[in-house]
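The values are calculated or read from the model by the stated rules, or taken from the named source; none is laboratory data. Quantities reported herein were computed from a predicted structural model and do not represent experimental measurements. Cβ coordinates were reconstructed from backbone atoms using ideal geometry, including for glycine residues, and neighbour counts include every protein chain displayed.
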């Protein structure tokens, strides 16, 4: 039975630069009890399409130009505001991406939970509160009675997403729209939330539209998949059809972009790498490194300040020529470890020895020549480039500062760098805001290799990027590592990315290093419990394997 | 929360001490004593006067004596009005100024916040432009210009309201209250518009809409609270502004309040009066800043939470 | 740095980028009100500079026979009770009013930027102590102090600059400090540190250019509030004193005789209001232009 049938939905945005066709005539339908996944990269229009159904897009500048959306026999696009109000949160509920910003910080969780019941089911606050407490328990919040009076900031990210789910399901809707519900969460939490949504869906037999950029997540949850690009659905069909027999170029490109397995073995590099490891001395060795932060938020005069042990007694060596992957969830201290190595944050104790030099005892002046030899690639290409400097300025600065170029040669050297990282030479005088995220990351990579460093620390260099761009940047990094004989510490939360790029892997948890090992053995036979948990939580972009994995998980009693 | 209030009150004490000290010594180093402007006064008379006002003592002793008086709530005698104490003068003017400030605050908050919220609901439409243009007018038309113009138009040309004085008639109070309040109404309008625009673009407002709540619930329940935080934080400074604004408004409308006393005391070089009133005003302002600080924290659960954690 | 690029070496086919400043200027040019504001301010400054040469009458030139006359062909804005030309007096007044506005704002700018940058860049306890000082000063009733200063030390114009500047720098310091703090957390500053750039290079090349926007906006909005403060004090008789003249002083004379000679109040009042309008429009326009995210449309 068709619950929702969307035909030729078209939404435009009128901006200063002209009309943006965010959704350009798409059609899809959802059956009761089924999950439709809409997949696409950022800007593909997948969220706008779903918000348009409930007129939740800002109007103006947005405008629904054409189309129909039959839901339970009514056309949502023709409905007036009061009809829509009755449908929103009652028949169709939404779970948003970022649970941090989507709950009202000024109201208690209980107050926000009971609102849909009061306005849609017209029941008393008292009864609504009883129902809200029940559903909080159902989504896995411990001590729901007590938590009803808490404010959102008193919950962790995963717990907030559970609250969002409870709030969406409290009115027993027929259709649930999930807009990237796990993107902001860690991988272990993501697995829990996905299982919860799935369980509740089966229990209530509701239809779900699942919006995501992550094909691996979609493989596990979807019955049908629609692939969106530039406001159009380029291909849709049952999940197995799309994953195993996808026809459209773009679908194939998306699937191909997912890093899978180990890194592509170019002819001679792996044996050389192993040789190097045994031949060369370690380039960097860290021992008993501690980086603690003091939390001054309680006032700097207070005696008992909280101490956050971001990095707590970590010892690690990186061999010349290897790529060491450092994985961990948010708050595990992996980024702080990277910054501690570069002496970007003051370390508490321990030693960092780079090529025989103890870095922790160097003065800033002594540090300067060392800095040339170790560089960093940052996560967010939008904040890692100075918005007021052109590509030339950004790339020329380190060259001139470290006297690696003269005024005469600098332009040629900058152009060579741009060639290296795959930027068009003509863009040399452009500013960062004139580039896309992937191109910006290329500039940032160019800056990092400009000083001809020996060690590069890459801090989540691809996690802000779309999956197709991510693949390009990963391959660029691999190529540069080989060309310039770099040693790299690659920090990421994404295990499949690390598996793809790293020779060896170190796993961090709560500031401590729990396990290190050569990539493939570690993936196939993890030793530490936390590593096992982490690995079992990764979804794979393969519907059959993913279904099997979920069965395994249930049997494991997760 | 309790500890927070106590700690803020404790912080206010050094501020007040600084105020008293600066004022005290500024007034003492001022060229020309309070009696020098008079015609030739026999030296013995001056001496007697100085003894009476403790001016013959070393300055630090005078300072400590004054502090001691202040602790007991005594502002000392007036130089200009013999036989009357500063306390009496303040007590006479305070109710009038307080009443004026209250009306002005009422004008400012009601008109300002309503206009600002109203404008923010439909940004970049006439519903936004019209109140915001009016607000711009209020900001660019200072009280000392607005007051006389209002008097000229409504008092002198139309003769609708009295031009000055402070009687029982409500007519007496309309113009001063509007004059004093309009600038702050304008400022609050801009502030609350900005705050509301910021909040209404937040993700949680979209959540509230997605829940199917009526728009007025979205605005009043989910929007207003966050949107008015900057407004509440501004009320303390606004109060300070109203007090100094009362100097002008009470002068224009010849209202016998504290502000007018203060300006007169300034011209008469009535030092104890200046000293007393300054300390008194400062205390009020510090108190109101404290109050608006506490309220800002209290209406923001996140800050409240941090306080509890940071204990 | 861009000036140091050998111009000939930039490839001819390189596409010209649009810097954020150019972007802002393009946005500002589309804002009619802000352009109008800019025009008014520039005209006023020009008139104020040229006043001694272009004023139609002498500053103290009286015509007691004429007395207070309404606007006419000889005296466009009328004359005051001594028969002095109103237009001339307003023009001379603009010199003082604008000067106070610019100089006092300059004082505030200098102290505020320095204080804010140091606090924001040093961070930690230095920052905590410096900002606590600002907090304490914020709590002081400055308006009353200024009145007090004027009373105690006489109506000294230099003191007025200092006193007003001393009040206004607090907000500037807070803005700059907030800006520097948030910039310091930006990854491009970290990148500059990891490139081994010196502290001064980082401040000069990476911090200052990026704090300039909000500073310009706030400066533009401080000028009108300073002018207002001066007019307020002059109105009370505590600011500029005769024979010097300012708009506030002219307004206060105008109020005394407004029943009989309303133009003596209207013209100086109008001049002050228009100037404040122009500066506020310009400030708002600059904010929209320099920080398109803050204006949200």
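Some observations on this one:
- Count - residues of segment B:256-273 that are surrounded by 24 or more Cβ atoms within 10 Å (Cβ to Cβ), within 11 Å of another protein chain (Cβ to nearest Cβ) and under 23 Å from residue B:146 (Cβ atoms): 2
- Screening residue A:121 with (1) closer than 30 Å to residue B:297 by Cβ; (2) modelled with pLDDT under 90 gives one miss only, at (1).
- Yes/no for residue C:196 being touching a residue at least 24 places away in the same chain (Cβ under 8 Å) and either within 14 Å of chain A (Cβ to nearest Cβ) or over 30 Å from residue B:272 (Cβ atoms) (or both): no
- Among the residues of this structure, residue C:217 counts as one that is farther than 30 Å from residue B:155 by Cα and touching a residue at least 40 places away in the same chain (Cβ under 8 Å).
- Among the residues of segment B:109-145, those that are facing another protein chain (nearest Cβ under 9 Å) and buried (at least 16 other Cβ atoms within 10 Å of the Cβ) comprise B:123, B:136, B:139, B:140, B:141, B:142, B:143, B:144, B:145.
- Residue in segment A:391-401 that is buried (at least 16 other Cβ atoms within 10 Å of the Cβ) and touching a residue at least 60 places away in the same chain (Cβ under 8 Å) present: no
- Within segment A:233-251, residues that are at pLDDT 90 or above have Cβ atoms under 6 Å from residues that are in a helix (DSSP H, G or I) in these pairs: A:234/A:250; A:235/A:251, counting only partners at least 6 apart in sequence or on another chain.
- Residue check, residue C:173 more than 30 Å from residue C:56 (Cα to Cα) and either free of Cβ contacts under 8 Å to residues at least 12 places away in the same chain or surrounded by fewer than 21 Cβ atoms within 10 Å (Cβ to Cβ) (or both): no
- Some residue of segment A:427-443 being in contact with a strand residue (DSSP E or B) (Cβ under 7 Å, 6 or more places away or on another chain), at negative phi, buried (at least 17 other Cβ atoms within 10 Å of the Cβ) and in contact (Cβ under 8 Å) with a residue 12 or more places away in the chain: yes
- Filter result for residue B:44 (over 15 Å from residue B:272 (Cβ atoms), modelled with pLDDT under 80 and assigned to a loop (DSSP other than H, G, I, E, B)): no
- Verdict on residue A:545 being surrounded by fewer than 20 Cβ atoms within 10 Å (Cβ to Cβ), part of a helix (DSSP H, G or I) and in the same structural domain as residue A:330 (by TED's automatic domain parsing): no
- Strands (runs of 3 or more DSSP E) enclosed by segment A:319-424 - at least 2 residues per element that are within 30 Å of residue A:184 (Cβ to Cβ) and within 10 Å of chain C (Cβ to nearest Cβ): A:374-377
- Leading residue by the ranking (farthest from the chain's Cα centre (by Cα)) among those in segment A:425-439 that are more than 11 Å from every other protein chain (Cβ to nearest Cβ) and part of a helix (DSSP H, G or I): A:439
- Members of segment C:113-125 that are at negative phi and either modelled with pLDDT of 85 or more or loosely packed, with under 13 Cβ neighbours inside 10 Å (or both): C:113, C:114, C:115, C:116, C:117, C:118, C:119, C:120, C:125
- Against the list (1) within 13 Å of another protein chain (Cβ to nearest Cβ); (2) assigned to a loop (DSSP other than H, G, I, E, B), the condition residue B:161 fails is (1).
- Residue list for segment A:68-110, restricted to those being more than 10 Å from every other protein chain (Cβ to nearest Cβ), in contact with a helix residue (DSSP H, G or I) (Cβ under 8 Å, 6 or more places away or on another chain) and in a strand (DSSP E or B): A:69, A:71, A:74
- In segment C:117-152, of all residues being over 28 Å from residue B:288 (Cβ atoms) and without any contact (Cβ under 8 Å) to a residue 60 or more places away in the chain, the one that is farthest from the other protein chains (Cβ to nearest Cβ) corresponds to C:118.
- Verdict on residue A:113 being crowded, with 17+ Cβ neighbours inside 10 Å, in contact with a helix residue (DSSP H, G or I) (Cβ under 9 Å, 6 or more places away or on another chain) and part of a helix (DSSP H, G or I): yes
- Total residues in segment A:30-52, condition surrounded by 18 or more Cβ atoms within 10 Å (Cβ to Cβ) and part of a strand (DSSP E or B): 6
- All of B:247, B:253, B:239 fail the test of being buried (at least 18 other Cβ atoms within 10 Å of the Cβ), away from every other protein chain (no Cβ under 11 Å), modelled with pLDDT of 80 or more and over 25 Å from residue A:155 (Cα atoms), apart from B:253.
- Residue check for residue A:243: more than 25 Å from residue A:22 (Cβ to Cβ) and touching a strand residue (DSSP E or B) at 6+ places or on another chain (Cβ under 9 Å): yes
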